[in-house]
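The values are calculated or read from the model by the stated rules, or taken from the named source; none is laboratory data. What you see is a predicted model; the values in this text were computed from it and never measured. Reconstructed Cβ throughout: ideal geometry from the backbone, glycine too, with neighbour counts over all protein chains shown. We work out accessible area using only protein heavy atoms, side chains counted, and drop any ligands, DNA or RNA first. Shrake-Rupley method; radii C 1.70, N 1.55, O 1.52, S 1.80 Å.
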Amino acid sequence: MYKSHLQVCYIDSQVCFQNILIIVFVVCRLIEVARKVFDEIPDRALVSCNSMIASGNWCACKDGPDVTLQKTLDNDCGAGAECNLIHQNGPCFQPNRVKAHCSYAVNGFFQKKG
């Protein structure tokens, strides 16, 4: 995990610093603070998304048919979850699987609506 953070540092030191802050806050179990840093990163990278997922304070969709997962994804994106990052070419688009996108949307909805 840390190797990928080091690679990002060469690309953009501001994003690197923010990703490191996320890791520090997650390790210290300051999840709300980590989430605020994540939300303020203007150009989130896959590393940013993975850092938040690693926090363990993340909602995920259960296994099920893709049709069911897609309905949940569409519902949560339409109900206020921030889903722009999982659009094609977005930093959290990969892995390009319905379950992964569903989990991102469900978590975004939960974080926003509680």
| Quick check, is N96 outside any helix (DSSP H, G or I), at pLDDT 85 or above, within 14 Å of the chain's Cα centre (by Cα) and farther than 21 Å from E32 by Cα? | yes
| Inside region 63-83, can you point out the residues that are among the hydrophobic types (A, V, I, L, M, F, W, C) and open to solvent by 70 Å² or more (accessible area, probe 1.4 Å)? | V67
| remark: Sole miss for F109 among (1) in contact with an Asp or Glu (Cβ under 7 Å, 6 or more places away or on another chain); (2) surrounded by fewer than 14 Cβ atoms within 10 Å (Cβ to Cβ) is condition (2)
